[in-house]
Each structure stands twice: as C-alpha cells, then as structure tokens.
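The values are calculated or read from the model by the stated rules, or taken from the named source; none is laboratory data. Quantities reported herein were computed from a predicted structural model and do not represent experimental measurements. Cβ placement follows ideal geometry from the backbone for every residue including glycine, while neighbour counts extend to all protein chains displayed. When the accessible area is computed, the model is the full protein with side chains, heavy atoms only, and any ligands, DNA or RNA have been set aside. Shrake-Rupley method; radii C 1.70, N 1.55, O 1.52, S 1.80 Å.
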Amino acid sequence: MGKNVNFEFNEAKDPQPVRIEQVYAEKPGGGRVKEADWDIPATTAVYQNSDGTFSPIKAYRLADAALATDTEYKIEKGSGVAVGDFIGTGEEAKKAEEIDASEDDYDLVTLTSTLGVALAKGAVLYQAKEASAAAVAAGDGVAAKDAVLASPVGTPVYVTGNDLPAGKGDLMVRLINGANLRKETANIASEVAALLPTIQLV
C-alpha cells in the first residue's frame, strides 16, 4: 500500500496578528456565538441574545484615511461588511448602500452620506443599531424630532478569545471580559471597548 493513501495536503494558514496582550478575567465555560457568514476574529465584541447565545458586533478597520466629506470608505477585507449595515464612529452612523469587493486588499463601501469626520488609516468603525440623524425643529406642519445618536448594534458584554470560522453553525467560544488588547490589531472599535470597562486598548 502506498505511503500517500488518504493523504491530503493543506496550505499553511497566514500567520495571525497578535491581538491580545493580557487576559485576567473570562466567562467560565465560554459561550455559544451565533453562526456568521464571515470569519470572526478573536477580540470581536459580542452582545447577548434573549436565548442566551451571543452575536458579534462587526468592526470595520479603514485601509486608507478618509476625509470629513467622503462617502466612500476603504475597509479592510474580512470585516463581514454588508449592504444595509449601519457603520458608525463616535455618535454618527450611516447605512452602507453599496459595496465594491473587487480589490484584493479592501472593500470600497459607499454610505448614504458622510460620517462628517476625518478618519486616519487604521481607524476602526463599529456596527451601529441605526443611522444617526440631526434634530428637527417643529414648524410648517412638521413635528419636532430629537436627534438620533449612533450606538452599537447591541450592548457588548465580552470579547471573543479565539477565531470563529464562517459557516460552521453556532460555535462555543472563549469569552473574555477582562483584558489588555493591542489597539493596532484588535477587532473592536474604541467606542465599543469603552462600554467594556475592564477591556483596555493598549
């Protein structure tokens, strides 16, 4: 019988960046994260669903700087960005209405309007619950409306301690709630990390 029976060659995976500097608290036994159609990297924030499972909060790292007037943003590959996502920074968020995924290094995402702030290359935006909107004063038959401020799609409670591959169903994952994360590589926006008082970007 030949030596190569049932042999299967697998290419080596690309080395993963260091995302976690130090862990000092985590959920015993971890938790189950809902299936996603993109690979979820370690250090992705998750929020809890009513059934006790967890869902990720997408993070969108910019592959290039953006001007305050831009409506197109170059987002690094692998973010899971999809048409219909609300993409936020600070208290501003706008809806992704078009995605050009033809480039190798980034997805070109067109938002319904500008986020209104200049953003540096490497800045991380977050998945918001809804689009932000300015306050509207009453007048000429129009009812007054309060301003809508952007916030994450869910309230973060943990970050993932390991990668989760796409298309594998709901998976158990290590859940961390106390850690120092490397800000240059962590898959979390600073606004989301700020809602996790024992998660620090260093």
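Among the strands (runs of 3 or more DSSP E) contained in region 45-151, which hold 3 or more residues that are closer than 30 Å to Gly169 by Cβ?
It comes to 45-48, 54-56, 59-61, 86-89, 92-100, 106-111, 124-128.
One residue is enough: does region 130-145 have a residue meeting the conditions modelled with pLDDT of 95 or more, under 10 Å from Thr89 (Cα atoms) and either open to solvent by less than 30 Å² (accessible area, probe 1.4 Å) or not polar (S, T, N, Q) (or both)?
no
Residue check, Arg61 against (1) within 30 Å of Asp146 (Cβ to Cβ); (2) in contact with an Asp or Glu (Cβ under 8 Å, 6 or more places away or on another chain); (3) surrounded by 14 or more Cβ atoms within 10 Å (Cβ to Cβ), all met but one. Which one?
Failing condition for Arg61: (1).
Which of the residues spanning region 176-202 are of a type in the set (A, V, I, L, M, F, W, C) and open to solvent by less than 30 Å² (accessible area, probe 1.4 Å)?
Ile176, Ala179, Leu181, Ala186, Ile188, Ala189, Val192, Ala193, Leu196, Ile199 - these are the residues of region 176-202 that are of a type in the set (A, V, I, L, M, F, W, C) and open to solvent by less than 30 Å² (accessible area, probe 1.4 Å).
Looking at (1) part of a loop (DSSP other than H, G, I, E, B); (2) surrounded by 11 or more Cβ atoms within 10 Å (Cβ to Cβ), which one does Lys168 not meet, given that it meets all the others?
Unmet for Lys168, out of (1) part of a loop (DSSP other than H, G, I, E, B); (2) surrounded by 11 or more Cβ atoms within 10 Å (Cβ to Cβ): (2).
Quick test for you: out of Thr43, Thr69, Thr53, pick the one residue that is of a type in the set (S, T, N, Q) and surrounded by 19 or more Cβ atoms within 10 Å (Cβ to Cβ).
Thr43
Check Val148, Val153, Val117, Val173 and return the single one that is of a type in the set (A, V, I, L, M), within 22 Å of Gly84 (Cα to Cα) and surrounded by 18 or more Cβ atoms within 10 Å (Cβ to Cβ).
Criteria check complete, one pass: Val153.
If you go through region 88-124 one residue at a time, how many are under 20 Å from Pro152 (Cβ atoms) and acidic (Asp, Glu)?
2
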